[in-house]
Amino acid sequence: LMWMVSLFFPVRFLKIPDTALVTTKKADSPVRYAPLNNNSNKSKSQSLIMFSHGLTGTGEENALFCTALAKRGYVVACIHHRDGSSSRVPMPDGTCKFYEHLPNGDDYSPNHRLEQVSFRAKEFLYATKWLLGEEQGGDDYDHPILQQIRPKLDTKKVIASGFSYGSTTCSLAATAQPNRFQCAVFLDGWFHVDYSSKGYLYNFPPEAFGEDWPNGANNGNERSHVIENKDGLTIPSIFINSAQFEGYEKLYAATTTLANNINSHNKHDSTIPESKLHVIPNTKHQNFCDVGFWLPKVLLRRLGKLLALGDADVLEASENILDLTLKFLKQF
């Protein structure tokens, strides 16, 4: 469907901020382009950003955000999860795996989501090690591009990042292996499950909060076997939220608690940047994806609510998210 739309509205993609690299720019242009860096040191080591997509998403739905970071010298790897949480992911045998609904429709049961996010975290960690050359395997391991990238990666500057369920995923990965990641960037993170009608109410993932799994998951007394760090998430992080998620009281409280826990853990080390929570005004969840650039503005005004987009200008919201991210990352 979107491929067909792009045939009729290709010009929209010429106005994507922070991705197109140009040497000249009209003074009255409303578009902010990626800067041209002629003084870059090609021999300098590079930071690696690992990015995890959201529920029912793909590794492509945040391509613009990842591209903007790559234009600024970061190596960005966007993971396509194969656990059934993606809308569509290519498999090694050439087939495609689509989103898997539970037969009873109970997609928020503790057993299902906690087991699933643990699997995603393992994929996240494996992909990180694979890109760094610590794990081998796969037909693409010796790809010429990877052979060029790997020697330049700084193993001490690996950044965990994700959108929505992807934030849940990388927070669990960073909790499991805090020494692996320098910091984290969470875009509209899903950090609380509130399914009160079924009796499910817990911070998500519990391990990031230093908590046990809720009753009903592994008899309520087992911690995920990938976790050894019982302090919860401790690496400095930035939380960038939509106004929509700010309006969900329990979710916003959980996100605030997570940021406060990190700061409390690191309060005696003045060299560690503060973890902060930011809210982009007048935005909704999909303002953190590429959906705002899929259609021309005339259609977005009519379909914005249907697409879960807020009233904020798509370009300005995208720039604000990127600016906050870059400002945070420059501290490391």
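The values are calculated or read from the model by the stated rules, or taken from the named source; none is laboratory data. Because the structure is a prediction, the values reported are computed rather than measured. Neighbour counts are summed over all protein chains in view; Cβ atoms, including those assigned to glycine, are modelled from backbone coordinates with ideal geometry. Surface accessibility is based on the protein's heavy atoms, side chains included, excluding ligands, DNA and RNA. Shrake-Rupley method; radii C 1.70, N 1.55, O 1.52, S 1.80 Å.
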Verdict on residue 124 being in contact with a strand residue (DSSP E or B) (Cβ under 6 Å, 6 or more places away or on another chain) and either at pLDDT 90 or above or in a helix (DSSP H, G or I) (or both): yes
Any pair with Cβ under 6 angstrom, 6 or more apart, that starts in segment 57-82 at a residue that is under 25 Å from residue 96 (Cα atoms) and open to solvent by 40 Å² or more (accessible area, probe 1.4 Å) and ends at one that is at pLDDT below 90 and part of a loop (DSSP other than H, G, I, E, B): 67/19; 78/59; 80/59
Helices (runs of 4 or more DSSP H) within segment 232-306 that include 2 or more residues within 15 Å of residue 191 (Cα to Cα): 243-246, 249-265
Where a residue in segment 93-109 is closer than 24 Å to residue 204 by Cα and its partner, wherever it lies, is at pLDDT 85 or above and part of a loop (DSSP other than H, G, I, E, B), with Cβ under 6 Å and at least six apart: 99/56; 99/87; 100/84
Filtered residue count, segment 307-327, keeping only those that are assigned to a helix (DSSP H, G or I) and open to solvent by less than 20 Å² (accessible area, probe 1.4 Å): 4
Hits in segment 68-105 (condition: in a helix (DSSP H, G or I) and farther than 25 Å from residue 139 by Cβ): 68, 69
One residue from 96, 170 being more than 24 Å from residue 210 (Cβ to Cβ) and either of a type in the set (A, V, I, L, M, F, W, C) or loosely packed, with under 14 Cβ neighbours inside 10 Å (or both): 96
Residue match in segment 137-156 (condition: on the phi < 0 side of the Ramachandran plot, without any contact (Cβ under 8 Å) to a residue 40 or more places away in the chain and aliphatic (A, V, I, L, M)): yes
Subset of segment 128-164 [of a type in the set (Gly, Ala, Ser) and more than 25 Å from residue 331 (Cβ to Cβ)]: 133, 137, 138
